Amino acid sequence: MENASKALIMAASVLIAIVIISAFVLMMSNLTSYQESSYQSNLSAQIAEFNNQYTTYERTDIRGSDMISLMNKVLDYNTRYTGEENFTKMKITVKMKGHNAELTFDGTNRIIEKTEYTQDNIYLIVGQPSAVTGDITDGEIRRIEKKYQQKYCNQLASEISNIESIIENGAYRTASEKNQAFDDEKILPKLATTYGGITVIYEDALKYYEYIQFKRSYFDCVGEPEYDKNTGRILKMEFECTGIGV
């Protein structure tokens, strides 16, 4: 009888242990499932947040100024995350579709010279990103803006016809006379010679004029964006210029 009681107690103990272990395993399984579900939910939210930065450009009325913002985003992303595991560069294609000449004041492109831009050469328009911070700190447009300040760059572009007429005016026979005539217009806060003279100023104005015209242009997002099969992030977008707006 005593042995039977001990056997029952042992069996009960084993059963209780099995129940406890089973409950623990179930709890851990549920916890793991919850953690995995939470991770996937957070990951999906992160992917959606990332893609939303770019899907806003998936339309047919994009201004050049918006394109510049997008280009900067792509350059920043590709610069900051190169070298990370499973990283793939974002690809962007911008086709000018023969509208290059419309951007210029005198028919010669100085900034938007190519008919097509990709992530590998768009820095020619918006500048070169820093390898350390990813910020756009270099390039011809940045140089001009640093030299004159942006508000005066806009002023130069708006006065470009006036500047050209001074240069071509035969009444001004020397560079000094042309510089003085320019200074009399009070377009810039400093003397023309401070910036290298009216000829240099005119060349910079032509470049910035072209840049402003690019910002006024319209672009269409063509086709569907491509997504990375592994990460779900946008990988590729393509745009075409449709002309200059007003």
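Tally up the residues in the range 51-65 that are in contact with a helix residue (DSSP H, G or I) (Cβ under 9 Å, 6 or more places away or on another chain) and assigned to a helix (DSSP H, G or I), please.
4
Residues checked against (1) touching an Asp or Glu at 6+ places or on another chain (Cβ under 7 Å); (2) more than 28 Å from SER65 (Cα to Cα); (3) among the polar types (S, T, N, Q); (4) in contact (Cβ under 8 Å) with a residue 12 or more places away in the chain:
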residue	(1), (2), (3), (4)
ILE136	no, no, no, yes
LYS146	no, no, no, no
GLN155	no, no, yes, yes
ILE160	no, no, no, yes
GLY170	no, yes, no, no
SER176	no, yes, yes, no
ALA181	no, yes, no, yes
LYS186	no, yes, no, no
LEU191	yes, yes, no, yes
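Within the set of pairs 6+ apart or on separate chains, which have a first residue in the range 59-77 that is more than 18 Å from LEU103 (Cβ to Cβ) and acidic (Asp, Glu), a second that is open to solvent by less than 50 Å² (accessible area, probe 1.4 Å) and modelled with pLDDT of 95 or more, and C-beta atoms under 9 Å apart?
As it stands, the answer is ASP61/PHE219; ASP61/ASP220, since those pairs meet every condition given.
The values are calculated or read from the model by the stated rules, or taken from the named source; none is laboratory data. Since the structure is predicted, the reported quantities are computational estimates derived from the model, not experimental observations. Quick reminder, even Gly has a Cβ in these numbers, built from the backbone with ideal geometry, and neighbours come from all protein chains shown. Each accessible area value is taken on the protein alone, full model and side chains, heavy atoms only, with ligands, DNA and RNA left out. Shrake-Rupley method; radii C 1.70, N 1.55, O 1.52, S 1.80 Å.
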